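In what follows, a structure is listed as structure tokens, so that the remarks can point back to it.
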Amino acid sequence: MVKAAVPEKPRLLQRYEQEIVPELAKRLGRTNPYAVPRLQKIVISMGVSSSVTDKKFMEEAVSALAEISGQRPVRCKARKSVASFRVREGMDLGAKVTLRGRRMYEFLDRLISLALPRVRDFRGLNPNAFDGHGNYSLGLNEQLVFPELNPDKYTRVQGMNIALVCSSESNDEARD
């Protein structure tokens with residue numbers, strides 16, 4: 001019987017465990033390494049309001065989100081009917097993916113090292129985008145900053161929201 005090779009940890013996770021946890025524990029005065037704030041999940045979401053008129057926009061957004069995240073997105077449906085927007089209850093209006101563990105750290109690594117430097121006129125991340133509970137949110141205007149997407153296949157520009165959910169209770173701990 002041949003044992004399957006154990007894949008190595010993502011480099012951000014290794015760095016977090018080896019360098020950041022001891023330093024944060026010392027700075028925050030915590031003795032238990034599990035009491036140190038950590039990243040719990042990353043939620044990537046796309047609102048596709050134009051899917052009301054044409055369903056192919058929704059299919060395009062779902063396939064782009066699947067390529068970016070490496071897992072199949074969940075479609076978000078309208079909860080209420082709104083006549084002025086031509087939206088009926090139950091229509092697909094967006095898609096989201098929740099990443100945890102290994103995929104989360106690999107996505108975060110690609111976001112920091114590949115995607116954000118490709119954003120046009122990038123002036124850094126907003127330090128005030130925390131929500132008061134240690135969670136950080138950022139928005140991207142186009143999905144084509146991710147190198148795994150083929151620009152010929154995705155002609156329509158689609159933005160996305162990325163929420164980093166942290167286990168800390170305050171913004172300052174999460175920022176550290």
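How large is the charge dipole for the chain, taken about the Cα centre, if only the Cβ atoms of Lys, Arg (+1) and Asp, Glu (-1) carry charge, to the nearest 20 debye? Could the numbers behind the result be given before it?
Details: 29 positive and 21 negative charges, 93 e Å.
Dipole about the Cα centre, nearest 20: 440 debye.
Taking the Cβ of Val74 as the centre, find all other residues whose Cβ is under 11 Å away and add up their charges (Lys, Arg: +1; Asp, Glu: -1).
Values: positive: Arg72, Arg75, Lys77, Lys96; negative: Asp92.
For residues surrounding Val74, the net value is +3.
Of the accessible area of the chain, with the probe set at 1.4 angstrom, what percent is carbon plus sulfur? Walk me through the numbers before you get to the answer.
On the way: 5760 of 11440 Å².
Percent of accessible area from carbon and sulfur atoms in the chain: 50.
Show me the trypsin sites (Lys or Arg not before Pro) within the stretch 88-151 that DSSP assigns to loop and that have at most 14 other Cβ atoms within 10 Å of their Cβ.
Values: sites: Arg88, Lys96, Arg100, Arg102, Arg103, Arg110, Arg118, Arg120, Arg123; in loops: Arg88, Arg100, Arg120, Arg123.
When the trypsin sites (Lys or Arg not before Pro) of the stretch 88-151 are filtered for loop state and at most 14 Cβ neighbours within 10 Å, Arg88, Arg100, Arg120, Arg123 remain.
When a/c reaches 1.5 or more, the comparison of a/b and b/c decides; with that in mind, is the stretch 78-176 rounded, prolate or oblate per its Cα gyration tensor? Each step should come with its number before you reach the end.
Numbers: a/c = 1.90, a/b = 1.22, b/c = 1.55.
Oblate, since a/c reaches 1.5 and b/c is not below a/b.
Could you tally up the Lys pairs in the chain with alpha carbons closer than 18 Å? Skip any pair fewer than 8 positions apart unless they're on separate chains.
9
Which is farthest toward the positive dipole end of the chain among Met46, Ala35, Ala163, measuring Cα position about the Cα centre, with Cβ charges +1 (Lys, Arg) and -1 (Asp, Glu)?
Checking the options against the dipole of the chain, the answer is Met46.
Where a ≥ b ≥ c are the square roots of the eigenvalues of the C-alpha gyration tensor, would you call the chain rounded, which needs a/c under 1.5, or, failing that, prolate if a/b is larger than b/c, or oblate? Write out the running numbers ahead of the final one.
Working: a/c = 1.99, a/b = 1.59, b/c = 1.25.
Prolate, because a/c is 1.5 or more and a/b exceeds b/c.
Compute the accessible area per residue over the stretch 9-140, keeping the other protein chains in place, probe 1.4 Å, unit Å². Please list the in-between numbers first.
On the way: 8410 Å² over 132 residues.
Roughly 64 Å² per residue, with all protein chains present.
How far apart, in nanometres, would the label points at Thr155 and Arg15 be if each is projected 7 angstrom from Cα along the Cα-to-Cβ direction?
Going by the 7 Å Cα→Cβ label model, 3.9 nm.
Counting only C-alpha contacts under 8 Å and six or more residues apart, can you give the relative contact order of the chain as a whole percent?
Taking the mean separation of contacting Cα pairs over the length of the chain, I get 27 percent.
What number comes out for the charge environment of His133, summing +1 per Lys or Arg and -1 per Asp or Glu over other residues with Cβ under 13 Å away? Walk me through the numbers on the way to the answer.
Details: positive: Arg175; negative: Asp131, Glu169, Asp172, Glu173.
Spelling it out: positives minus negatives among the neighbours equals -3.
The values are calculated or read from the model by the stated rules, or taken from the named source; none is laboratory data. Because the structure is a prediction, the values reported are computed rather than measured. Neighbour counts are summed over all protein chains in view; Cβ atoms, including those assigned to glycine, are modelled from backbone coordinates with ideal geometry. With ligands, DNA and RNA removed, areas are computed over all heavy atoms of the protein, side chains included. Shrake-Rupley method; radii C 1.70, N 1.55, O 1.52, S 1.80 Å.
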